[in-house]
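The values are calculated or read from the model by the stated rules, or taken from the named source; none is laboratory data. Please read all numbers here as calculations on a predicted model, not as lab measurements. Note that each Cβ is placed from the backbone with ideal geometry, even for glycine, and that neighbours are counted across all protein chains shown.
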Ligand code: WAQ
Ligand code: MG
């Protein structure tokens, strides 16, 4: 018989007859001599004290007696408390078809001072081990890779438990196992079965508790008990494919996310959605109640305007719900081109290009016009999509003071560049103020830099007929005008206007344009409908403007200090995040929807209410809203 034998190598150590430490391995003959000392080493360094007796026993095993079993799959369930850990174990046990789960988990928590496990008939609750003091001990088992892994000086609870659990899960007539360590400080335990695998539960006892034990779950008849015990005590098992679990327990990746959310909650920066159950009009249904909407960007109330909805619906009926392709492949409809032409004319530019969102328009144009080696000059209060466009371009980013053309010029002189771009919001979204367009154009043209303005909140709002800053200031010509269809134009999407060469260039290099599916017929149709409506109803813009000055006046009458806004946005500065949330919440209780704007949308400590007005608010609504705001602000101070 040329076949190499395996040996079972067992160590036991005691002091004054009291058990201190035990360990075993199953090793190939040639590894025995190298590994036996590690077992002694471990016994000599045990926390329970110095042994006065140590015994290493080596027994040959024929290779054909050894059963090789694949390791149970491992999952870890993080639980915040002991109560939840035990409840989880009970639920898993119940799910595995054990009726008396609650009783069994309680029995487990009450075990201590056993060397072996309880063998329990799960249906009758009868204990089947012949010596209930000692319990049933499983032996002859090891990790199949053991000769590659030196035995650690201190116990690796997981590595040893997964071997035992795999053997137990495969024992005849056992349907599973429960375990709590008897180490006072090791609070992770497990429930295991062939079906559910090895489920680690991170808290199953309080730190310091002397409790600990195992229950093997038996289902069968009395005579079958022999078979189960024989397998546990005599059949040598090598477990293959054990995945390492780090015992230093770095946080689970999902737990890390949950921690971040908890930090946000603690800092009053957590956000969640509010669900609207109606059209976005000046009165909306939100979470079961009617609220006065003071937070919409649909400034002209066009999203719900009947002719606009009709245009969106007709476009969908004629061309379908989606476009099925990018603009340069199969996604361009006559509607897209018609809308681009109409936008160019409305803005007084040569040409226009559509993007799926205003965010993409900013990212798409900035990253196309500058790159590595270039410089972008960006107002410190620019919108997130401008900031991200600057970052994505790879150009150096130079932030200048808000609307400060002197600072802009100083910074341009400091960073002389052949390839430069200056970008600014036209209406600043959280402050509602306007860009100094004449100053901006003077500086940018003096230094030959691209001038980019984002008219997201200006289109449909600023200028006598809503055409934006150029109309408002009576002239001037930025190189690039970005806009959105999703605010005053009541639809969805963004656009860029400018010279033909600019638009041709963007169609060829701008990645958000090239690699997005062309946006849907309903969006395009709705935007076209809204643009046509706006062209023929400039009085909507007029009504919005008169609401703005009326409302600012009401606020001042009630003692709330605000400037008359030149846009539809009226910021009411509060500062403290928690206070801003409290005021917003109080207003919601009085039937008014005004969000608290917080970091990172605005700077830390610059939290505010951001009121935005619509053309269709009535003076009565605005007057009572101003009253409610003033009251909520006062109440939050006391
Ligand atoms: N056979 C049967 N029962 C045993 C055996 C054995 N060979 N060894 C221990 N027990 C019983 C005995 O009652 C102990 O008090 C109890 O189990 C706990 O044993 O993935 O360390 O060796 O991080 O303390 C779980 C690891 C660690 C969880 C379990 O058990 C994880 C542990 P301990
Ligand atoms: Mg222990």
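Residues of region 602-627 that are surrounded by fewer than 19 Cβ atoms within 10 Å (Cβ to Cβ) and modelled with pLDDT of 95 or more: 618, 619, 620, 623, 624, 627.
Within region 509-528, the presence of at least one residue that is under 27 Å from residue 615 (Cβ atoms), modelled with pLDDT under 95 and not in a helix (DSSP H, G or I) is confirmed. Scanning region 178-191 for residues that are more than 7 Å from ligand 1 (Cβ to nearest atom), over 15 Å from residue 91 (Cβ atoms) and either free of Cβ contacts under 8 Å to residues at least 12 places away in the same chain or over 30 Å from the mean Cα position of the chain (by Cα) (or both) yields 184, 185.
Per the conditions (1) surrounded by fewer than 18 Cβ atoms within 10 Å (Cβ to Cβ); (2) touching a residue at least 60 places away in the same chain (Cβ under 8 Å); (3) more than 30 Å from residue 315 (Cβ to Cβ), the sole criterion not satisfied by residue 448 is (2). Of the strands (runs of 3 or more DSSP E) contained entirely in region 303-415, those carrying at least 2 residues that are closer than 15 Å to residue 454 by Cα fall at 351-355, 375-379. Being under 29 Å from residue 9 (Cα atoms), free of Cβ contacts under 8 Å to residues at least 40 places away in the same chain, within 12 Å of ligand 1 (Cβ to nearest atom) and surrounded by fewer than 13 Cβ atoms within 10 Å (Cβ to Cβ) holds for only one residue in 148, 133, and it is 133.
Quickly run through region 156-177 and pick out the residues that are under 37 Å from the mean Cα position of the chain (by Cα) and within 10 Å of ligand 1 (Cβ to nearest atom). Result: 156, 157, 158, 159, 160, 161, 162, 163, 165, 177. You will find that of 72, 86, the residue that is closer than 19 Å to residue 195 by Cβ, surrounded by 21 or more Cβ atoms within 10 Å (Cβ to Cβ) and either within 16 Å of ligand 1 (Cβ to nearest atom) or at pLDDT below 95 (or both) is 72 and no other.
The selection criterion, being over 15 Å from residue 516 (Cβ atoms) and touching a helix residue (DSSP H, G or I) at 6+ places or on another chain (Cβ under 7 Å), does not hold for residue 395.
Here 239, 284 are screened, and the one residue that is touching a helix residue (DSSP H, G or I) at 6+ places or on another chain (Cβ under 9 Å) and in contact (Cβ under 8 Å) with a residue 40 or more places away in the chain is 239. Within region 111-130, being more than 16 Å from ligand 2 (Cβ to nearest atom), surrounded by fewer than 16 Cβ atoms within 10 Å (Cβ to Cβ) and either part of a loop (DSSP other than H, G, I, E, B) or touching a residue at least 60 places away in the same chain (Cβ under 8 Å) (or both) holds for 123, 124, 125, 126, 130.
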